[in-house]
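Step one of this worksheet: look at the structure below.
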Amino acid sequence: MKYQVNETGFYGQFGGSFIPEMLHSNIDTLQKQYLSIMAEDSFQKEFRKLLKDYVGRPSPLYYAAKLSKELNTNVYLKREDLNHTGAHKINNTIGQILLAQRLGKTRIIAETGAGQHGVATATVCALMGLECVVYMGSTDIKRQAPNVARMRMLGARVEPALSGSQTLKDATNEAIRDWINNPVDTHYIIGSVVGPHPYPDLVARFQSVISEEMKWQLKEQTGSENPDYIVACVGGGSNAAGAFYHYLEDEAVKLVLVEAAGLGIDTGESAATSVLGSMGIIHGSRTLLMQTEDGQIVEPYSISAGLDYPGIGPLHAHLIKSERAQVFSATDEEAIKAAFHLTREEGIIPALETAHAFAILDQIGAKPDESMVVCLSGRGDKDLSTYIAHLDGEIVDS
Amino acid sequence: MNRLTSLFEQKKEGVLNVYFTAGHPSLESTVPIIRSLAEHGADIIEIGMPYSDPMADGETIQKSSAVALKNGMGLEVLFGQIAEARQHVEIPLIVMGYYNQLIQYGIEDFVKKAAEVGIDGMIIPDLPMAIYRDDHKELFEKYDVCHSFLITPQTSEERILMADALSSGFVYMVSQSSITGKTGDISEEQIAYFERVNGMALKNPRLIGFGIHDKETKERAFHYANGAIIGSAFIRAVGNEEQTLEENIDQFFNRINA
């Protein structure tokens, strides 16, 4: 198992648990118990039932005929946008809320960028009757207003993160500080495959339902459970981790990550971590991150709040460095253009994050007899104000 | 001999460690703050290396760090300032920062440079004990630089013993389950924790930090351990722009000693 986490929490040289002592007790408990709790029959039964009856899984695997024709290959869309709450994020929050209950926790905290994870966390807290506090950068509170309203309606308290660039990184810092202040009753539902071990593995396992379904759905539709390519956008990387998970060790399936280039990789306003980053520590994990020579973390930029993160999950850092995964990047403008294209061609409005993945499909070089699955990680309702602002612009017309 | 080790050989109680963020309130305040703290009777000075993402720190240290970075503080500048301060003060100087800062500088280069400029110890809260033990402990010993690990009310007895075995200079007792900068009183629960650790007869002296902000909490720390660490309260004091640095520091010591 070359690409799975090892027993000390590392993916190759990436991962681990670099945390202050104040977090040790909670992280240690998770490390010792997450696998056994997840393996319990009662846990699996409850998790599977909720995914089916509450989330609406399995999510469809849709053959996008028009895109396929245009790209002269076979394009399948894994429709995570059709999940309850509108993105893949709920796969993980359902799993983690069940875990939190079994750990005896009564209060839930989360960080959120685009607000999709915040909404998914607020949703499961409402479902289970647990107190919920979501940290969100002030910049993101402004640019993802519909999701802030949804979280509030669901009964969560949305706390603005006022430090740094006031985006996902800062929201994560605030959530970690909250956990330090509340070590006994609180569980921290991290939304991506980031953070100290076991979070990257824990979240990847809950999201792995995506590739689990892809296997049998592809088999049903094509006769083979393997596509030639799997494509996903990456910020921290949870939808990519879920879409890749059951294919990690099968190197015949090529893995493609798409980062947010922001205004362009060399503009100083970017979130393309694999190009601009180097090895260091962020949020308790050794991974690739954007930093100065002095090890200060650089503020990233992307139009998409969910990809606006200066690091990348340690699994992905390992996949990239070992050349198991190939990385592309898309700028703000390319992502918006791709979003309109998908909307007009297939009638699907994707989240801005997801749109990045669609922006590079023509660069992959897939052949006519090959197939690719694009993880359509979320829907674009939350991004309508951004999209509408571009409706009259030249981007759409070009 | 390492100045921290010598200090604790001579002084077993009432040891005062004051933390400040280097580069705050201004880039050039490092040397004057160190000299003034030594003149006012601090036993140890803990110099915070400002970090963009200080995970364990409350608002006061976050803000002072952001100001310091904006002022242009960096590791080379800081090492230069510490070398200069060393010309004037003899008390132990320690640095506190995050592991990523050491990794990017190069661990051995960092420890070597620290020893050269007269740093006696370090506190790196996100450096795991096992990694220190396996990868860095020999290096710290080679350059005679101490390293203090943190323990908290949640730390198991087994881990407290491990932190003690791996620490040199002193063990840093985090007084409560919180980030830095809290200003409440010391609770019965905290006292029970202090007494529990007292009963363990650790090899290292213990300093209590986090939430030590006035005379009363300082005296409590002196009573239940070998000394106290004050950080955020000092930073708040020197951040008062209506008075000079010296006036702010005078006022701080009047408050915690009066």
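The values are calculated or read from the model by the stated rules, or taken from the named source; none is laboratory data. No experiment lies behind these values; they were computed from the predicted model shown. Virtual Cβ from ideal backbone geometry, glycine too; neighbours counted across all protein chains shown. What goes into the accessible areas is simple: the full protein's heavy atoms, side chains included, and nothing from ligands, DNA or RNA. Shrake-Rupley method; radii C 1.70, N 1.55, O 1.52, S 1.80 Å.
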*Of all residues in segment B:53-108 being open to solvent by less than 40 Å² (accessible area, probe 1.4 Å), among the polar types (S, T, N, Q) and closer than 13 Å to B:A22 by Cα, which is nearest to the other protein chains (Cβ to nearest Cβ)?*
B:Q62
_Going through A:L30, A:L51 one at a time, which residue ends up being outside any loop (DSSP other than H, G, I, E, B), over 25 Å from A:V184 (Cβ atoms) and open to solvent by less than 60 Å² (accessible area, probe 1.4 Å)?_
A:L51
*Residues that are among the hydrophobic types (A, V, I, L, M, F, W, C), out of contact with any helix residue (DSSP H, G or I) (no Cβ under 6 Å at 6 or more places or on another chain) and open to solvent by less than 30 Å² (accessible area, probe 1.4 Å), drawn from segment B:182-203*: B:I191, B:V197
_segment A:118-140: number of residues that are at pLDDT below 95 and either closer than 23 Å to A:G104 by Cβ or not hydroxyl-bearing (S, T, Y) (or both)_ = 1
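Listed here are the residues, each with its yes/no results for (1) of a type outside the set (S, T, Y); (2) more than 23 Å from A:G118 (Cα to Cα); (3) touching a helix residue (DSSP H, G or I) at 6+ places or on another chain (Cβ under 6 Å).
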residue: A:S285; (1), (2), (3): no, no, yes
residue: A:E293; (1), (2), (3): yes, yes, no
residue: A:V298; (1), (2), (3): yes, yes, no
residue: A:Y309; (1), (2), (3): no, no, yes
residue: A:G313; (1), (2), (3): yes, no, yes
residue: A:I320; (1), (2), (3): yes, yes, yes
residue: A:R324; (1), (2), (3): yes, yes, no
*Given the conditions (1) open to solvent by less than 10 Å² (accessible area, probe 1.4 Å); (2) within 14 Å of chain A (Cβ to nearest Cβ); (3) of a type in the set (D, E), report the number of the one that B:D120 does not fulfil.*
(2)
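Out of contact with any strand residue (DSSP E or B) (no Cβ under 8 Å at 6 or more places or on another chain), more than 14 Å from chain B (Cβ to nearest Cβ) and open to solvent by 10 Å² or more (accessible area, probe 1.4 Å), is that true of A:L71?
Values: out of contact with any strand residue (DSSP E or B) (no Cβ under 8 Å at 6 or more places or on another chain): yes; more than 14 Å from chain B (Cβ to nearest Cβ): yes; open to solvent by 10 Å² or more (accessible area, probe 1.4 Å): yes.
Taking the combined requirement at face value, the residue satisfies it.
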*Just a yes or no: is a residue in segment A:365-376 in contact with a strand residue (DSSP E or B) (Cβ under 6 Å, 6 or more places away or on another chain), part of a loop (DSSP other than H, G, I, E, B), under 13 Å from A:V234 (Cβ atoms) and of a type outside the set (F, W, Y)?*
no
*Subset of segment B:191-209 [touching a strand residue (DSSP E or B) at 6+ places or on another chain (Cβ under 8 Å) and aliphatic (A, V, I, L, M)]*: B:V197, B:L202, B:L207, B:I208
*Select from segment A:320-361 the residues that are of a type in the set (D, E) and under 18 Å from A:V256 (Cα atoms) and list them in ascending order.*
A:E323, A:E334, A:E353
*asked:* For A:G380, only one of the following conditions fails: (1) open to solvent by less than 10 Å² (accessible area, probe 1.4 Å); (2) free of Cβ contacts under 8 Å to residues at least 40 places away in the same chain. What is its number?
replied: (2)
*How many residues are in contact with a Pro (Cβ under 7 Å, 6 or more places away or on another chain) and either more than 8 Å from chain B (Cβ to nearest Cβ) or in a loop (DSSP other than H, G, I, E, B) (or both) when one looks only at segment A:13-25?*
6
*Quick one: A:T106 ticks every box in (1) among the polar types (S, T, N, Q); (2) under 20 Å from A:S59 (Cα atoms); (3) surrounded by fewer than 24 Cβ atoms within 10 Å (Cβ to Cβ) except a single one, so which number is it?*
(2)
